[in-house]
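Colleague: Before we start, here is the structure in question, set down as structure tokens.
The values are calculated or read from the model by the stated rules, or taken from the named source; none is laboratory data. All values derive from a computational prediction rather than experimental measurement. Backbone-built Cβ (ideal geometry, glycine too); neighbour counts: all protein chains shown. SASA here: full protein model, heavy atoms, side chains in, ligands and nucleic acids out. Shrake-Rupley method; radii C 1.70, N 1.55, O 1.52, S 1.80 Å.
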Amino acid sequence: MGFVIAVLVNAAALWVAVTVLDGIEYAGEWYQWLILGLIFGLVNAIVKPIAAILTFPITILTLGLFLIVLNTLMLYLTSFLAGPLAGPFTITSFIDGLLGAIIISIVGTALHFLLGRTGVK
């Protein structure tokens, strides 16, 4: 059940980012949003930990600020993978990706907090 909630939270956070920012575009049906949330969750569960370990020295040097860039790169990877699976999910600039990653992090954290969850079990 926790996995389903995590996919729904990811889909909702992505929807907020697409709605708020003009530079991130996605026009999928409701089930495509769920596929997009699943892709984003898998990227964050599989690729992000590996990338975080590889970029640990630069993260230390930037006092953790590089993690925002890492989140942006995970959003770009989701955009790349979503094309053939869930339809075109486009990010027009790095700044839009950066702002989108920040919005997704804030909304995802808030939704997990409201649902009384701290992580997927």
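Colleague: If the requirement is being exposed (fewer than 14 other Cβ atoms within 10 Å of the Cβ), over 22 Å from Phe113 (Cα atoms) and either in contact with a helix residue (DSSP H, G or I) (Cβ under 8 Å, 6 or more places away or on another chain) or acidic (Asp, Glu) (or both), which of these qualifies: Phe80, Phe94?
Modeller: None of the other options fit; the residue is Phe94.
Colleague: Additional query: Give me the pairs: first residue in the stretch 95-121 and more than 13 Å from Thr19 (Cα to Cα) and in a helix (DSSP H, G or I), second residue modelled with pLDDT of 90 or more and open to solvent by 70 Å² or more (accessible area, probe 1.4 Å), beta-carbon distance under 7 Å, and six or more apart or on different chains, which are they?
Modeller: Gly97/Tyr76
Colleague: Yes or no: the stretch 46-61 includes at least one residue that is surrounded by fewer than 19 Cβ atoms within 10 Å (Cβ to Cβ), modelled with pLDDT of 95 or more and among the charged types (D, E, K, R).
Modeller: Yes; the residues of the stretch 46-61 include at least one that is surrounded by fewer than 19 Cβ atoms within 10 Å (Cβ to Cβ), modelled with pLDDT of 95 or more and among the charged types (D, E, K, R).
Colleague: Another question, if that's okay. Just to be sure I understand the filter: pairs with C-beta atoms under 9 Å, separated by 6 or more residues or on different chains, first member in the stretch 1-13 and on the phi < 0 side of the Ramachandran plot and of a type in the set (Gly, Ala, Ser), second member in a loop (DSSP other than H, G, I, E, B) and open to solvent by 40 Å² or more (accessible area, probe 1.4 Å). Which pairs pass?
Modeller: Gly2/Arg117; Gly2/Val120; Gly2/Lys121; Ala6/Arg117; Ala6/Val120
Colleague: If you don't mind, there's one more thing I want to ask. Any idea which residue in the stretch 1-32 is farthest from Ala101 (Cα to Cα), counting only those that are open to solvent by 40 Å² or more (accessible area, probe 1.4 Å) and outside any helix (DSSP H, G or I)?
Modeller: Met1
Colleague: Being in contact with a Gly (Cβ under 6 Å, 6 or more places away or on another chain) and part of a helix (DSSP H, G or I), is that true of even one residue in the stretch 34-57?
Modeller: To start, the set of residues in the stretch 34-57 that are in contact with a Gly (Cβ under 6 Å, 6 or more places away or on another chain) comprises none.
Looking for residues that are in contact with a Gly (Cβ under 6 Å, 6 or more places away or on another chain) and part of a helix (DSSP H, G or I), one finds none in the stretch 34-57, hence no.
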